[in-house]
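The values are calculated or read from the model by the stated rules, or taken from the named source; none is laboratory data. Predicted model only: the values in this text are computed from it and were never measured. All Cβ positions, even for glycine, are placed from backbone atoms using ideal geometry, and neighbour counts span all protein chains on display. Ligands, DNA and RNA are excluded from the accessible area calculation, which covers all protein heavy atoms including side chains. Shrake-Rupley method; radii C 1.70, N 1.55, O 1.52, S 1.80 Å.
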Amino acid sequence: MRNFLLARLLQAVLVAIVVGTLCFVLMRVLPGDAAMRIAAGRYGPDARIAEAAERVRLELGLDRPLGAQFVEWLGDLLRLDLGHSLVTGSPVVHELEVQLGASAWLAASALVLSLLIGPVIGLFAGLKPGGAVDRLGLAGAAIFRAIPPFVLGLILMLIFSKQLGWLPPAGFGSPREMLLPALTLALGLAAMSSRVMRNSVAAVAMAPYFAFARHKGLSESVVVRRHGLRNAAIPVVSYIGLQAVYLVEGVVVVESLFAYPGIGHALVHAVVERDIPMVQGTALVMGLMFVVIAAIVDLLTHWLDPRVGRTA
């Protein structure tokens, strides 16, 4: 366990350096004047924006060589100092505390919804391959996986907000306002997890130990619960870890679509306003989320099948 934690810690350090460096470089090669964008974000566009941009350039040291700016940024990162927002002036850490909490609730809600939809459908489809549930599940998975998150979000918004009036189209603060963005993310996740679960259950159902449990006279529900679920869940848990990419990417799109005040929404505004510390901070947190999710998946996989840890 100690070696595992040390390896994940080293991975987190490398991710922080690589993601931060890429953000630093990419934000400075974007076309346009960064000082002009920052000044417009602070004071608004007006006739004296050029003078404000020059003050911002001198204040933030944007006229210095890139090498000097990078060394200063790297030193701040090693001290765990993410700096202050160039637009609001607030510490980036304080901004991220609020936004990360909102995004974490959204991601967790989407993950729970996807687990309630995808694996359940996959379980019934895998127990009867080629049946009606299997065919309908395959069609639904193909449709929901092919639809981009922003298109799916618009469709759900039109149906449940505009036509039926059941849910608010945007906002934050109550479960009703979180349901639509969470469902938008969950359907994409459930589309593939249902097929992974279906294939896993079908393979387990053909195993000798599963057939032996049936021949002992155990009921189907007991056989599935005792001998099927745990073995079939291992590929699903691993797949959910891989789907962290989809989840983080979807958070950026869905939060912007539903005006949800999370880290993805903040990242989009920070890029538009050239708020470099906020871009670096949000991208850094998203990169570290991959490391944390991968660690959790490894621990769950080891719990489900301890042989994984012994053979690794």
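Listing for the model above:
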{"read-out": "Any hit, segment 167-187, residues being modelled with pLDDT of 85 or more, more than 16 Å from Ala259 (Cβ to Cβ) and of a type in the set (Ser, Thr, Tyr)", "value": "no"}
{"read-out": "Residue list for segment 165-179, restricted to those being within 16 Å of Leu111 (Cβ to Cβ) and either touching a residue at least 60 places away in the same chain (Cβ under 8 Å) or buried (at least 17 other Cβ atoms within 10 Å of the Cβ) (or both)", "value": "Met178, Leu179"}
{"read-out": "Filter result (open to solvent by less than 40 Å² (accessible area, probe 1.4 Å), of a type outside the set (A, V, I, L, M, F, W, C) and outside any helix (DSSP H, G or I)) within segment 67-89", "value": "Gly83, Ser85"}
{"read-out": "In segment 92-131, the residues that are part of a helix (DSSP H, G or I), out of contact with any helix residue (DSSP H, G or I) (no Cβ under 6 Å at 6 or more places or on another chain) and not hydrophobic (A, V, I, L, M, F, W, C)", "value": "His94, Glu95, Glu97, Gly101"}
{"read-out": "Answer residue from segment 6-17, given it is touching a residue at least 40 places away in the same chain (Cβ under 8 Å) and of a type in the set (A, V, I, L, M) and is most open to solvent (accessible area, probe 1.4 Å) among those", "value": "Ile17"}
{"read-out": "Yes/no for Glu54 being at pLDDT 75 or above and of a type in the set (D, E, K, R)", "value": "no"}
{"read-out": "Helices (runs of 4 or more DSSP H) lying entirely in segment 200-298 (those with 1 or more residues that are at pLDDT 75 or above, open to solvent by less than 20 Å² (accessible area, probe 1.4 Å) and more than 27 Å from Leu5 (Cβ to Cβ))", "value": "244-257, 263-272"}
